[in-house]
1. May I ask you to list the residues in the stretch B:87-118 that are outside any loop (DSSP other than H, G, I, E, B), buried (at least 24 other Cβ atoms within 10 Å of the Cβ), among the hydrophobic types (A, V, I, L, M, F, W, C) and more than 10 Å from chain A (Cβ to nearest Cβ)?
2. Filter the stretch B:484-518 down to the residues that are outside any loop (DSSP other than H, G, I, E, B) and of a type in the set (Lys, Arg) and list them by number.
3. Looking only at residues in the stretch B:175-190 that are within 22 Å of residue B:99 (Cβ to Cβ) and touching a Gly at 6+ places or on another chain (Cβ under 9 Å), which one is surrounded by the most Cβ atoms within 10 Å (Cβ to Cβ)?
4. Would you point out which residue out of B:37, B:52 is of a type outside the set (A, V, I, L, M, F, W, C), away from chain A (no Cβ under 14 Å) and not in a helix (DSSP H, G or I)?
5. Please find, among A:26, A:53, A:9, the residue that is under 30 Å from residue B:304 (Cα atoms) and β-branched (Val, Ile, Thr).
6. Does residue B:346 satisfy being assigned to a helix (DSSP H, G or I) and under 30 Å from residue B:114 (Cα atoms)?
7. Quick one: what pairs do we get from the stretch A:117-131, first residue in contact (Cβ under 8 Å) with a residue 60 or more places away in the chain and within 14 Å of another protein chain (Cβ to nearest Cβ), second among the acidic types (Asp, Glu) and not in a loop (DSSP other than H, G, I, E, B), C-beta under 6 Å, 6+ apart or different chains?
8. Quick one: residue B:286 ticks every box in (1) surrounded by fewer than 22 Cβ atoms within 10 Å (Cβ to Cβ); (2) closer than 30 Å to residue B:42 by Cα; (3) under 20 Å from the mean Cα position of the chain (by Cα) bar one, so which box is it?
Amino acid sequence: MAKDKRIRVLMAKPGMDGHWRGLVIVTQALRDAGMEVIHGGNMSVQQIAQTAVQEDVDVVGLSIMTGNVVGMTEATIKELKKAGKGDVLLIMGGIIFEDDMPTLKKLGVDGVFSTGTPLHEIVEFVRGHVGKPKAKK
Amino acid sequence: MAVESPKESTSHSGIPLKDLYAPEDIKNLDYARDLGYPGQPPYTRGVYKTMYRGQQFTIRRFTGVETPEQTNELYKEELRLGQNGLAIAPDVPTSISLDSDNPRCEGDVGFCGVPIDTVEDMETIFKDIPIEKVTTWCYTPYITGLYFAMAEKRGVDLKALGGTTPAMGIFVPIPVDIPFRVSLDGEIRMAMDFAEWTAQNVPNWHNTSVSVYGQKDNGMNNIQALGLLIAASVEAADTWKARGRMPLEQFFRRISFEMAIANDMFEEICTLRAARRLWTKVCQERYGLTDRKLMQFRVRVQTSGCTNVAQEPLNNIIRIAYHMLSGCLGGAQTMHPNGYDEALCIPTDQSMLLSIRTLQILQDETNVTAVIDPLGGSYYVEWLTSEIEKRAWEYYKTIEGMGGICKATRSGFFVNEYKKANLDWDKKVDSGEKVVIGVNKYRMKPEDVPYKVPIYKFKPTAGKEKIAKLKKYKKERDHARVQAALDRLEKACRSDENIFEYMVQAYRAGATIQEGTDVCRKVYGLDTVQLMKL
């Protein structure tokens, strides 16, 4: 992507869960790194897709702490694809079961960052992967 | 090797620490005035004369899994293992009073806790559990309403029930936006009506409790948490007083408190000691209370979840044990050890057993409960207790200077407080200034960690089954009776009748948690304070 275009990110929590701390911190870290971040807070999966389109974001970041990682991710990706945003760089964090990792990759999640990930790793990942074609599943 | 000048050090709240404390550091301390004996104001050394010799602290985990049936099994197992208090962990929709079949709750039903829509669900959760013998902690007045409705249906005398609802927690600013939350004014009305109703009908219930658990878990330090706790309790008591419906003393009779307990052991211990002294001072000086029983700061402590990490999860066992030791040395009445696996999943059976045993080992093997306030008189502990008391009082005064906690919340003051606290914490972890073993020090590659722990497996169909069950319930109930009860509730909401009474009646008549709360949403409007909008 062109160097002068700032990376646009939507950060959201699909569903109603109130464990916001990770979302707030990653939002700030990406902003500190010069990205334009829309802090969506709690959103339905439909709202996430609509906002991703309206705001023309390059990246969608999901935070899921309730355990329903696969269900929520699957639903979000379905809506993103329906809205024509299936190519967005999709990253996620939260409480993620190791056993779910292969499923998440298969669904089309580009990067998974569980708790304890140094923030710079997330920033570097986004910079390194944004705008590139998705890895083959 | 001799080191001339020791490294600088601070407590977790940023209080500068010397490397040694001596008599001159506590020379202003007056035993009778500042410490006193346990069971005597200012209660620094403990709220009861006999403390753990008289009664061991209560073991109470926060438990709820994807169905009411499974939750019932777990509660029975907890009691079999020797736990003596229960705490209902609701799923996300239940915690915010939405029904399982609300389309907005798709994907959240049965995750992170138990879904409770109806009094029938509550009956299932407490099937074969002697509720008159075990005390239960309920998350909100709405959930408590379902609990009381269940007890009434069972024919249990409400006067025999014991438990806690952190109803006055509504005065504490929350670190998150809660979607569809009733407006603050409406929530205050509910909290006050709840407390008045329970004072008359469920006299052993801790009905005016205040919790700052989530505040510390969202990055606030002990000084801020204690300052907030005092500010919220004062505003709650003032509100009660201004309503003037029941004697002021009644507000203090069954008050209790909840705090998170984290890694800085002495700071945690001293915070509990300081809290007791500070609360006594507030009771005496602000409210002129003379009955010493009304000044007791009874407290439940729980492992601060944010101290547990996903990397090398067995390390959390050690962290939790230290937290619980701190709570015990600090004189807490109820203790809640988290599961060591909670950064990975909700606790497994193995983790539940370990949590309970952690406290039983503390009670029965270590002998730390034999002598009351064993650290009392330590130069460091007494100095730090005074220091935390002083600083927390200053934080409380800052909030008071803004016109009290509700005004400060509405002004957006706490948005920045939380943001600052969160980001500051993370910056310190990222830079290594705040050490987290296995995360930013001695970090291993995941594949090099020589063990794996079991993970709680959700039943993936549980949510769908719950929704189907609720739909069937809604279809089969007595519609006219439900509607009449909801209309009656609305009438109460629009007058000065006690709304909680009619909430319980609506639940008994078959209304769901959301239908009852929706009446409050309709009459009082929704919350417009958007705390974490960045």
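The values are calculated or read from the model by the stated rules, or taken from the named source; none is laboratory data. What you see is a predicted model, and the numbers here were worked out from it, not measured in a lab. Cβ coordinates were reconstructed from backbone atoms using ideal geometry, including for glycine residues, and neighbour counts include every protein chain displayed.
1. Matches in the stretch B:87-118: B:88, B:114.
2. Our first condition is that a residue be outside any loop (DSSP other than H, G, I, E, B); within the stretch B:484-518, this holds for B:484-493, B:499-509, B:513-518.
Answer for the stretch B:484-518, where residues must be outside any loop (DSSP other than H, G, I, E, B) and of a type in the set (Lys, Arg): B:488, B:491, B:508.
3. Only one residue fits best here, namely B:182.
4. On the way: B:52 fails: not in a helix (DSSP H, G or I).
Going through B:37, B:52 in turn, just one is of a type outside the set (A, V, I, L, M, F, W, C), away from chain A (no Cβ under 14 Å) and not in a helix (DSSP H, G or I): B:37.
5. Details: A:53 fails: under 30 Å from residue B:304 (Cα atoms); A:9 fails: under 30 Å from residue B:304 (Cα atoms).
That would be A:26, the only listed residue that is under 30 Å from residue B:304 (Cα atoms) and β-branched (Val, Ile, Thr).
6. Working: assigned to a helix (DSSP H, G or I): no; under 30 Å from residue B:114 (Cα atoms): yes.
Criteria not met by residue B:346.
7. Within 6 Å, the pairs are A:119/B:430.
8. (3)
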